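Heads up: the structure comes next, in structure tokens.
The values are calculated or read from the model by the stated rules, or taken from the named source; none is laboratory data. Note that the coordinates shown come from a computational prediction; the quantities given were computed from them, not determined experimentally. Cβ sites come from the backbone with ideal geometry, for glycine too, and all protein chains shown count toward neighbours. Just the protein is used for accessible areas: all its heavy atoms, side chains included, with ligands, DNA and RNA removed. Shrake-Rupley method; radii C 1.70, N 1.55, O 1.52, S 1.80 Å.
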Amino acid sequence: MAKGKTTAFFCQECGYEASKWLGQCPACKAWNSMVEEPTVSLKSEAGKRQRELTAPSRLSEIAIEQEERVYTGLGELDRVLGGGIVPGSLILVGGDPGIGKSTLLLQICRTLADGRKVIYISGEESLKQIKLRADRLGKFPEGLLLLCETNLEAIEAVIEKEKPDIAVIDSIQTMYREDVASAPGSVSQVRESTTSLMRIAKGKGISVFIVGHVTKEGVVAGPRVLEHMVDTVLYFEGDRYAAYRILRAVKNRFGSTNEIGVFEMRENGLVEVKNPSEYMLNGKPQGASGSVVTCSMEGSRPILLEVQALVCRTNFGMPRRTAAGTDYNRVNLLMAVLEKRAGFHLSDCDAYVNIAGGMKMNEPSLDLGIVMALVSSYQDRALEEDAIMFGEVGLSGEIRGVSMTEQRIQEAKKLGFKKCILPKVSLDGLAGIGGISLIGVASVKEAIALL
Ligand code: TYD
Ligand code: MG
């Protein structure tokens, strides 16, 4: 950048900085996304302050107390956070509009404000609106502080004065700093606002929750930089028309990113779903062809789900295929395997595959379930009601082993399944499991013969 130049062009999608306007962002290839914004001088006060503090420490001299965690009162959220909130951490909660981010955060404020100082800062709703929502959710402790403000300098002053333990910022796209001359929600505003919040969190040991809006493409709007700056990134997702919601950790400095939390949106707020399998299998049709129960691992937790397939003859030249909740290309591949390795003529059939309940699952262990659902629908023969199956299908029609077999079987047993069809190679070491009959299969053909 030329010396003395105080503006630059920022890609509104990914935060890429260029000195001149470009039609297409070289980093993320988005068209027409460059907007001129003032650059921020690094000679700010914060920079100076940091320089005074800079001195290296010896690793051996760093004392760690037993890391304390704060429980939110929602076990599912604590699980995703890696066992509660780490004091002084910055947590970004992203998700589509109306998915329930504000509800989730207000709800945890209820438990957290009991014995701690919590401030909920909203730039989107008035105090009355927040109160109305709170009334829907139930009884709140007296001490919860509410603030409607979008100016970060003002927010900083309030936090300085009140010294809360936990702060919620709803949402980062509505916040602005006066010393940054672009509009709220722009890349520089979002970045600078997050930097201020990070300073508050780390400097004062306050845990800060930040709500971030999500773009059409499903990433937190504003720069990717935002995700790099915070300690934990959670995505709240789900079908707006289905009641359940899934909270997923995309990044977590204090825990695993594999865990998910499952919630149900009810009349009076979010309710934890302690047993997602039962929830997902709710409403499974009895004795219908094309319906198979399979098991997917989400982190350390097995979830049973129903795969549905509908195969019917194509009326017009091109067969139609759709996959809802799973990978379309994977379904096409499995159909090709069925055609070539098991002799099914599916090339003149339409096929629709659906993961019931609107879940999105891509684990390879679903392969066997998808294949069997397709075959069951094609032959119009229902599978046994009390059987579940899982396994990865290879290109030569072989059934390959999957991880955590035992947990999956235990989950099936817990829900009353009597029979489990699984990869033959995974059978070793499972002799100790009783109460459910285990059938190992080595190829797609073998599995189909069991039908
Ligand atoms: P909200 O938390 O405002 O979403 P976000 O902050 O992510 O935009 O959620 C709003 C939706 O949740 C809205 O469609 C109404 C619904 N809702 C309930 O079903 N029950 C409730 O108790 C509450 C508070 C909201
Ligand atoms: Mg909201």
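Looking at this structure, is Q189 open to solvent by less than 50 Å² (accessible area, probe 1.4 Å) and either in a helix (DSSP H, G or I) or out of contact with any helix residue (DSSP H, G or I) (no Cβ under 7 Å at 6 or more places or on another chain) (or both)? Lay out the reasoning, then the answer.
Details: open to solvent by less than 50 Å² (accessible area, probe 1.4 Å): yes; either in a helix (DSSP H, G or I) or out of contact with any helix residue (DSSP H, G or I) (no Cβ under 7 Å at 6 or more places or on another chain) (or both): yes.
Spelling it out, Q189 is indeed open to solvent by less than 50 Å² (accessible area, probe 1.4 Å) and either in a helix (DSSP H, G or I) or out of contact with any helix residue (DSSP H, G or I) (no Cβ under 7 Å at 6 or more places or on another chain) (or both).
What about E156, is it assigned by TED's automatic domain parsing to the domain that holds D114, in a helix (DSSP H, G or I), more than 16 Å from ligand 1 (Cβ to nearest atom) and not basic (K, R)? Reasoning before the result, please.
Values: assigned by TED's automatic domain parsing to the domain that holds D114: yes; in a helix (DSSP H, G or I): yes; more than 16 Å from ligand 1 (Cβ to nearest atom): yes; not basic (K, R): yes.
When the stated conditions are applied, E156 passes them.
In contact (Cβ under 8 Å) with a residue 12 or more places away in the chain, part of a loop (DSSP other than H, G, I, E, B), within 16 Å of ligand 1 (Cβ to nearest atom) and within 23 Å of P276 (Cβ to Cβ): is that true of G82 in this structure? Break it down stepwise before answering.
Values: in contact (Cβ under 8 Å) with a residue 12 or more places away in the chain: yes; part of a loop (DSSP other than H, G, I, E, B): yes; within 16 Å of ligand 1 (Cβ to nearest atom): no; within 23 Å of P276 (Cβ to Cβ): yes.
Criteria not met by G82.
Return the residues of the stretch 263-284 that are aliphatic (A, V, I, L, M), touching a Gly at 6+ places or on another chain (Cβ under 9 Å) and either more than 23 Å from I355 (Cα to Cα) or within 16 Å of ligand 1 (Cβ to nearest atom) (or both); say none if nothing qualifies.
Filtering the stretch 263-284 for residues aliphatic (A, V, I, L, M) gives 265, 270-271, 273, 280-281.
Still in the running and touching a Gly at 6+ places or on another chain (Cβ under 9 Å): 265, 270, 273, 280-281.
Matches in the stretch 263-284: M265, L270, V273.
Being surrounded by 13 or more Cβ atoms within 10 Å (Cβ to Cβ) and either part of a loop (DSSP other than H, G, I, E, B) or free of Cβ contacts under 8 Å to residues at least 12 places away in the same chain (or both) is the filter here; which residues of the stretch 268-284 pass it?
Listed by number, the residues that qualify are V271, V273, N275, K284.
Rundown of residues vs (1) assigned by TED's automatic domain parsing to the domain that holds N329; (2) open to solvent by 60 Å² or more (accessible area, probe 1.4 Å); (3) free of Cβ contacts under 8 Å to residues at least 12 places away in the same chain, yes/no style:
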site: G391; (1), (2), (3): yes, no, no
site: G397; (1), (2), (3): yes, no, no
site: G401; (1), (2), (3): yes, no, no
site: T405; (1), (2), (3): yes, no, no
site: R408; (1), (2), (3): yes, no, no
site: L422; (1), (2), (3): yes, no, no
site: V425; (1), (2), (3): yes, yes, no
site: L430; (1), (2), (3): yes, no, no
site: G434; (1), (2), (3): yes, no, yes
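Keeping to the stretch 111-131, report how many residues are within 16 Å of ligand 2 (Cβ to nearest atom), hydroxyl-bearing (S, T, Y) and either within 17 Å of P87 (Cβ to Cβ) or surrounded by 15 or more Cβ atoms within 10 Å (Cβ to Cβ) (or both). Give the steps one after another, and end with the answer.
Start the filter on the stretch 111-131 by keeping residues that are within 16 Å of ligand 2 (Cβ to nearest atom), which leaves 120-131.
If we keep only those that are hydroxyl-bearing (S, T, Y) as well, we get 120, 122, 126.
Subsequent filtering for residues that are either within 17 Å of P87 (Cβ to Cβ) or surrounded by 15 or more Cβ atoms within 10 Å (Cβ to Cβ) (or both) retains 120, 122.
Residues that pass the stated criteria total 2.
Table: residues versus (1) buried (at least 18 other Cβ atoms within 10 Å of the Cβ); (2) under 31 Å from the mean Cα position of the chain (by Cα); (3) more than 27 Å from I246 (Cβ to Cβ).
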residue	(1), (2), (3)
T322	no, yes, no
G343	no, no, yes
D350	no, no, yes
D367	yes, yes, no
V375	yes, no, yes
D380	no, no, yes
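Residue by residue, here is whether (1) part of a helix (DSSP H, G or I); (2) surrounded by 14 or more Cβ atoms within 10 Å (Cβ to Cβ); (3) at pLDDT 75 or above holds:
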residue	(1), (2), (3)
G15	no, yes, yes
E36	no, no, yes
L42	no, no, no
P56	no, no, yes
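Is it the case, given these coordinates, that G88 is under 21 Å from F236 (Cα atoms), more than 16 Å from ligand 1 (Cβ to nearest atom) and assigned to a loop (DSSP other than H, G, I, E, B)?
On the way: under 21 Å from F236 (Cα atoms): no; more than 16 Å from ligand 1 (Cβ to nearest atom): yes; assigned to a loop (DSSP other than H, G, I, E, B): yes.
No; evaluated as a whole, the condition is false for this residue.
Looking only at residues that are open to solvent by 10 Å² or more (accessible area, probe 1.4 Å) and within 12 Å of ligand 2 (Cβ to nearest atom) in the stretch 71-99, which one is nearest to R248 (Cα to Cα)?
Checking each candidate, the answer is D96.
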